[in-house]
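To start, the structure under review is shown below, and the notes come after it.
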Amino acid sequence: MQRASILFCLVLFVGVAGLCADEQDSLRVGVQSDGRILVPTNQVLKPAGKQITFPGRPVDLALTGDGRTLVVKSMRDLVFLDATTGAIKQTLALPARGDPKPGFSVVGLAVQGDRVYASDAQSQVRGATRGEDGKWRAAPGIDLAPAKVSGLPHPAGLALAPDGALWVAVTRDNSVQRLDPTAKKAVESVAVGVAPYALCFCGPDKCYVSNWGGDPPAAGAAQALSSGTPIRVDPKFGIANHGSVSVLDRAVGSWKQSKTIAVGLHPSGLAVSGGRRFLYVANANSDTVSVIDTRTDGVVETIACRPEARLPFGSGSNALALSPDGRTLYVANGTNNAIAVVRLGALALESARPGEAGTSSVLGLIPTGWYPGAIRVSPDGNKLYVANVKGHGSLSQPRATAKGKNSHDHLGSVSIIDVPDDAQLAKYTLEVNANNRLAYSLAGLDRPRPDAKPAVVPERHGEPSLIEHVIYVIKENRTYDQLLGDMQEGNGDPNLVLFGAEVTPNHHALARQFTLFDNFYCSGVLSADGHSWVNEAYVTDYLEKAFGGFTRSYPDDGSDPLAYPPSGFLWDNALAHKKTVFNFGEFVSVKYHPKDATWTAYYEDFRNGTATVPINVTANIASMAPYTHPHYPWFPLLVPDVYRAKMFIEELKTYETKGKLPNLVYVTLPCDHTTGTKPGYPTPRASVADNDLALGRIVEAVSKSKFWPKTCIFVVEDDPQNGFDHVDGHRTVAFAISPYTRRQFVDRTNYNQTGMVKTIELMLGLPPMNQLDLSATPLRHCFQPTPDLTPYSAVPNRSALDEMNPSLDKLQGQALSWAKKSLELDLDDGDAADDDALNRILWHAMHGAKRYPEEYVNEKD
């Protein structure tokens, strides 16, 4: 960062709130003129040291024995770097085993002589060997023992025992397994806690294992299933609430778990001191490091790793490494995009010096790329190697710039950083805090003023608002350019429009009659993390590292309590502060009756006002059951969105009769996802037109209700992955619709999903949940102090909603080929279908024989 910008933020730090926020608010996501990178989480990247970028998302690092080569484990390949210069020596793709796009697991990399081992995301530990020519070549994999639950075992962390044996943590088997590379199979299995992540040997007869999900729940305790295994959960939030480290001992030649040690939440990376007296555990969902004395197997210190003690949860301390002298611990604060430099105190040191502080403390922060997830220290202690999972964002640009950008264009990175002296560390710390808007965040913690007058968006959390009801509409998977790129008022590219004004007349009318946002971004990439961003303004290490293959779960539906942060969901925040909540379709499971019910049957029910085909819905988080509509569906897309809108409008009439509307209402409208050209379902054009009309009717009904004067409707896509955008792959469609919304206005402020969550919090008098909604820019410029109560009238659809995909016998050529492909895809779940295949199908459905641009091809996460 330029010196002027540092001073700028220093001025802000002493109380001039909003200046750095304004600086970022005028930018677009991506690389800036000064080389900094703005990402869609209100953060700036200006990583220290040398940056090596490559397509993918790196999750682990290892140095070869000679220290000359750094091995990087990315989504689908191993990248070999020169440890001194950072030059890429070789990229070795993960060979397929029947899976056309195999991926690497969340963590797990080990080097043994001229052999590298890496956990894949399925059922093997893969191998690579170095030949006499210095090149690395794929070697046969080693099979894991099957998981005790159905499905793939999912290996994670790897470790070499002192005797040279290779061990692996197996998350879905809740075990660690000893592998025999010669026999290419597991030969021993030891049961541990829930979802073991990493393991570390502290001698020939002792091993420690970090358990993401902690110990199994006791009988009768609050619990839920995570990838088929019962797990402890908070009875109020339904989120995993335990973390532990298993202690394994070897006696008479066999290993067993002798005890477990309670630590923080999501215990992840492990490191052991040189004399093996201390084990350090990174707790990603507690922002801490637990220090375990291996003589007593007790926690002797818990080190807080947040940049500032007043900050709420949200640093994501997920990995660590120890300096060769054992006195400095480097901690990867994933969400802070920084390495916390910790000076270990006497409690955590093998040999304390006279006058040494008793407790450990964070000396400073080193800026990295986006979400550091692995650290290694050079043998001489002079360099840090950092794997940045999200690197520079979706900037790999695998196609011509004119063809647009996609959220799957992952550009991962490795930072090679000279270990800073005290003066440089102080400068780095200023940069990290400025990049993360620390001063702006701390100002956001100010207490509400007792004399504050009601405002549409209050200045401080807890101050009164003119809005009493928020309706939060969540749609599926579209970019800005796909829908609104044809609007001359905004920054669009008409060449990337797929569903323009003829298909989405209500989206266009709402953008023109209210406010058009042309600089609004999803914070995530796909539905697995997208629904976390819209509901929590945060994504955990569990999800950030899973892009090589979501084998454990794909938790876009709230079905995995291990996937979410302890700060809870937006509805938890509302309920905790005495607000009322209701949910139409978010985080639910759906049962259709009969099982072979068709889209046409539900559409006929909609048209005829009947209910001949029942729908039963169950909340996937038990605590939400009392607030969830029992018949409002999400996926699969057997029900048109106009059916959903009708259900909502019927409930709205009931609310009017009672005179009460909940303060926070969730509404899902997923049909803009489409089902491709699958026979028996509407065409993509019809699906998106259906979604458009449903949104228009909901807005019309609310704007003509008695609640309109005090209501705001927020609309956003959960993610933008099924499309392309000329600004950034994260840019998406969003609306803020209320009597106070500025009419016929274009708001070019940089906003994202965390800012939408923050705006809802401010309107409903809720506190921030974590560091990211605290640092977010709320939607302010789009509102005016004087209301305009003019209601909205929905625009009739211009495309037939029941335009059906033809049956196979009526197709030929490419249309037949893509219809068959649509039948092969799993379109019953949000993102189970291959992303590239679905994008091709939609292109041909809307453009006919026009050639699909091969530059659009991208990796499927």
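The values are calculated or read from the model by the stated rules, or taken from the named source; none is laboratory data. Because the structure is predicted, anything quoted here is derived from the model rather than measured. All Cβ positions, glycine included, derive from the backbone under ideal geometry; neighbour counts span all protein chains shown. For the accessible areas, the whole protein counts, side chains as well, though only heavy atoms, and no ligand, DNA or RNA atoms are used. Shrake-Rupley method; radii C 1.70, N 1.55, O 1.52, S 1.80 Å.
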Sort through Leu279, Leu225 and tell me the only one that's open to solvent by 10 Å² or more (accessible area, probe 1.4 Å) and either over 21 Å from Val107 (Cβ atoms) or not in a loop (DSSP other than H, G, I, E, B) (or both).
Leu225
Which of (1) outside any loop (DSSP other than H, G, I, E, B); (2) buried (at least 21 other Cβ atoms within 10 Å of the Cβ) is the odd one out, the single condition Lys427 does not satisfy?
(2)
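Check Ile239, Ile261 and return the single one that is over 24 Å from Glu301 (Cα atoms), modelled with pLDDT of 95 or more and of a type in the set (A, V, I, L, M, F, W, C). Full working, then the answer.
Values: Ile261 fails: over 24 Å from Glu301 (Cα atoms).
Every option except Ile239 fails the conditions.
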Selection count, segment 86-118, where residues are closer than 12 Å to Thr69 by Cβ and open to solvent by 70 Å² or more (accessible area, probe 1.4 Å)
3
Looking at Gly381 and the list (1) over 16 Å from Val71 (Cβ atoms); (2) surrounded by fewer than 21 Cβ atoms within 10 Å (Cβ to Cβ); (3) out of contact with any Ser or Thr (no Cβ under 8 Å at 6 or more places or on another chain); (4) not basic (Lys, Arg), which single condition is not satisfied?
(3)
Could you list all residues from segment 459-492 that are part of a loop (DSSP other than H, G, I, E, B), farther than 30 Å from Arg685 by Cβ and small (Gly, Ala, Ser)?
Gly462
Thr41 vs. criteria of a type in the set (Val, Ile, Thr) and out of contact with any helix residue (DSSP H, G or I) (no Cβ under 7 Å at 6 or more places or on another chain)
no
What number of residues within segment 152-185 satisfy the criterion of being part of a loop (DSSP other than H, G, I, E, B), surrounded by 15 or more Cβ atoms within 10 Å (Cβ to Cβ) and of a type in the set (Gly, Ala, Ser)?
2
For a quick check of your reading of the model, give me the residue pairs whose first member lies in segment 486-502 and is over 12 Å from Val746 (Cα atoms), whose second is of a type in the set (S, T, N, Q) and in a loop (DSSP other than H, G, I, E, B), with beta-carbon atoms closer than 7 Å and at least 6 apart or on different chains.
Glu502/Ser799
Against the definition (touching a Phe, Trp or Tyr at 6+ places or on another chain (Cβ under 7 Å) and either open to solvent by 40 Å² or more (accessible area, probe 1.4 Å) or acidic (Asp, Glu) (or both)), how does Arg130 come out, yes or no?
yes
Residue pairs qualifying under the 7 Å Cβ cut-off, at least six apart or on distinct chains, with the first in segment 334-356 being on the phi > 0 side of the Ramachandran plot and the second being open to solvent by less than 10 Å² (accessible area, probe 1.4 Å) and among the aliphatic types (A, V, I, L, M), are Asn337/Leu45
Take segment 603-645 and flag every residue that is farther than 21 Å from Asn797 by Cβ and part of a helix (DSSP H, G or I).
Ala622, Ser623, Met624, Ala625, Pro626, Tyr627
Residue set Gly253, Gly203; condition open to solvent by less than 10 Å² (accessible area, probe 1.4 Å) and at pLDDT below 95; output residue Gly203
So is Ala121 out of contact with any Cys (no Cβ under 7 Å at 6 or more places or on another chain), surrounded by fewer than 20 Cβ atoms within 10 Å (Cβ to Cβ) and of a type in the set (A, V, I, L, M, F, W, C) or not?
no
Quick one: is Val245 in a strand (DSSP E or B), modelled with pLDDT of 95 or more, buried (at least 23 other Cβ atoms within 10 Å of the Cβ) and among the hydrophobic types (A, V, I, L, M, F, W, C)?
yes
I'd like to know if segment 256-269 contains one or more residues that are out of contact with any Gly (no Cβ under 8 Å at 6 or more places or on another chain) and crowded, with 24+ Cβ neighbours inside 10 Å.
yes
I'm checking my understanding of the structure. Among residues of segment 445-480 that are out of contact with any helix residue (DSSP H, G or I) (no Cβ under 8 Å at 6 or more places or on another chain) and among the hydrophobic types (A, V, I, L, M, F, W, C), which one is surrounded by the fewest Cβ atoms within 10 Å (Cβ to Cβ)?
Ala452
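For segment 289-368, which strands (runs of 3 or more DSSP E) that fit wholly inside it have 3 or more residues that are touching a helix residue (DSSP H, G or I) at 6+ places or on another chain (Cβ under 8 Å) and either closer than 30 Å to Arg447 by Cβ or open to solvent by 10 Å² or more (accessible area, probe 1.4 Å) (or both)?
In segment 289-368, 298-304, 361-367 are the strands (runs of 3 or more DSSP E) which contain 3 or more residues that are touching a helix residue (DSSP H, G or I) at 6+ places or on another chain (Cβ under 8 Å) and either closer than 30 Å to Arg447 by Cβ or open to solvent by 10 Å² or more (accessible area, probe 1.4 Å) (or both).
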Within the set of pairs 6 or more residues apart or between chains, which connect a residue that is open to solvent by 50 Å² or more (accessible area, probe 1.4 Å) inside segment 644-656 to a residue that is of a type outside the set (Gly, Ala, Ser) with Cβ atoms less than 7 Å apart?
Lys646/Phe606; Glu656/Lys706
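Among Asn535, Asn506, Asn495, which is of a type outside the set (Val, Ile, Thr), open to solvent by 10 Å² or more (accessible area, probe 1.4 Å) and not in a strand (DSSP E or B)?
Details: Asn535 fails: open to solvent by 10 Å² or more (accessible area, probe 1.4 Å); Asn506 fails: open to solvent by 10 Å² or more (accessible area, probe 1.4 Å).
The conditions single out Asn495.
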